[in-house]
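Before any comments, here is the structure.
The values are calculated or read from the model by the stated rules, or taken from the named source; none is laboratory data. Model, not experiment: these values are computed from the prediction. Positions of Cβ are generated from backbone atoms using ideal geometry, with glycine treated the same way; all protein chains shown enter the neighbour counts.
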Amino acid sequence: MAVVGAGAAGMMAAVAAARAGAQVLLLERNGQPGRKLRITGKGRCNLTNDCTREEFLTHVTSNPRFLYAALTGFSTADAKDFFEELGVPLKTERGRRVFPVSDRAADVVAALERACRQSGVRLLPHARVRGLELAGGLAAGVRTDGGLLPADAVIVCTGGLSYPGTGSDGDGYALARQAGHTVVPPRPSLVPLVEQGGLCASMQGLSLRNTGLRVTEQPGGRCVYEDFGELLFTHFGLSGPMALSASAHLGEVLPGRYTVCLDLKPALDAQRLDARVLSDFARYRNRDFGNALGDLLPQKMISPVIAACGIDPRKKVNAVTRAEREALVRTLKCLCIPLAGLRPISEAIVTRGGVDVREISPKTMESRRVPRLYFAGEVLDVDACTGGFNLQIAFSTGVAAGRSAAEQSPLPAGGPAREQKQTEAEPQ
């Protein structure tokens, strides 16, 4: 059996297949496996989320029902057990996000490499797959720069288009099209938001920890996403966990379609916030308005908020009218940032789009068009919010594909693959 791509899904698929008794060749275009996995979670690797299957599916933004069987076969609890049995102690943080205790993504990669070695998976690095070998309507191997590699099953785990420097350049889509599959056009997901205007740029570098965020869509002002947490202002717009998660819930982002509303004082309702403003105004009644907001806002935010609420910064606080004060409160409770678009897919954490899951068996990940051909991980049209959900999708679909593909791989005469001596280069 051949597994194409030694990322999260590919290594998990290879281990699952080998443990089920198949001989597995794992092909990786880079010099070592898990290159993208090493940088996930800013190098900490949020590998899963400690929640139930039903809760998990509510965080999947594309085709959640497709994942029901895969998550049943390899759950978040199974993922935790898998890594802890491989010697990676885990911890659970805010939002039930699961990380290695070491905060090192490299430890997760090393555990998967160990599992590959222990189960007898053979790794072939620097192997660029150029096409599928199809015979009699079945997947029969892959074609690399070095020639044909026959296989009784092929699992494609090449990732999407995010972080192309790690090797994800969309070559899995070409393999899928060769087999007659439909590829939903790839778009960025979990990616920073680009503003329309210069409000965020004027606050570049400012980070907020306890902020409310709501994204509305025009026409009608329908709320499409709401969250509370961390945010970062950049030269192009908004980044940070909330902005990335929001992007997963947006359709095509055209100027004027979506607006971000920031609640800068989520702990106070409008009435209590007005009382707080009145208290500050009483304390600084003889100051210019522009010098009276230091107790309410970070310094970088004062001028942009003043501009947004339309009050002359040179006006004395004791001359600010009730209507102007109400405008300030409205701005603090909803600082509006129109969106112009998303950052490029090369900056996205995951890819939305990919192989159409209607053409894939949800139980086995096998192609409905070409028997013995499987797809797993980000190459599929499935994606989720931040919080460990996308890596769990890679693990669960990888396990489903590996176990099913192993049924197509007869046991070698010498016994299960885990007992065979490796002949190819092992993971370093």
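Tabulated data
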quantity	calculated
Qualifying residue in the range 58-70 (condition: outside any loop (DSSP other than H, G, I, E, B), in contact with a His (Cβ under 8 Å, 6 or more places away or on another chain), more than 26 Å from Asp103 (Cα to Cα) and not basic (Lys, Arg))	yes
Among residues of the range 1-38, those that are among the acidic types (Asp, Glu) and touching a Phe, Trp or Tyr at 6+ places or on another chain (Cβ under 8 Å), counted	0
Test for Pro89: is it surrounded by fewer than 23 Cβ atoms within 10 Å (Cβ to Cβ) and over 22 Å from Ala376 (Cα atoms)	yes
Residue list for the range 206-242, restricted to those being at pLDDT below 95, outside any strand (DSSP E or B) and crowded, with 17+ Cβ neighbours inside 10 Å	Gly240, Pro241, Met242
Index of the failed condition, Arg314 passing every other in (1) surrounded by fewer than 12 Cβ atoms within 10 Å (Cβ to Cβ); (2) within 30 Å of Ile345 (Cα to Cα); (3) among the basic types (Lys, Arg)	(2)
Odd one out for Lys91, checked against (1) free of Cβ contacts under 8 Å to residues at least 24 places away in the same chain; (2) touching a Leu at 6+ places or on another chain (Cβ under 7 Å); (3) not hydroxyl-bearing (Ser, Thr, Tyr)	(2)
Residue in the range 264-283 that is hydroxyl-bearing (Ser, Thr, Tyr) and in contact (Cβ under 8 Å) with a residue 24 or more places away in the chain present	no
Qualifying residue in the range 147-160 (condition: without any contact (Cβ under 8 Å) to a residue 24 or more places away in the chain, of a type in the set (A, V, I, L, M), over 18 Å from Glu347 (Cα atoms) and surrounded by fewer than 17 Cβ atoms within 10 Å (Cβ to Cβ))	yes
Unique residue being part of a strand (DSSP E or B) and either surrounded by 19 or more Cβ atoms within 10 Å (Cβ to Cβ) or charged (D, E, K, R) (or both) when the list is Leu293, Leu328, Leu339, Leu332	Leu339
Residue that is nearest to the chain's Cα centre (by Cα), among those in the range 86-125 that are part of a loop (DSSP other than H, G, I, E, B) and more than 30 Å from Phe228 (Cα to Cα)	Val88
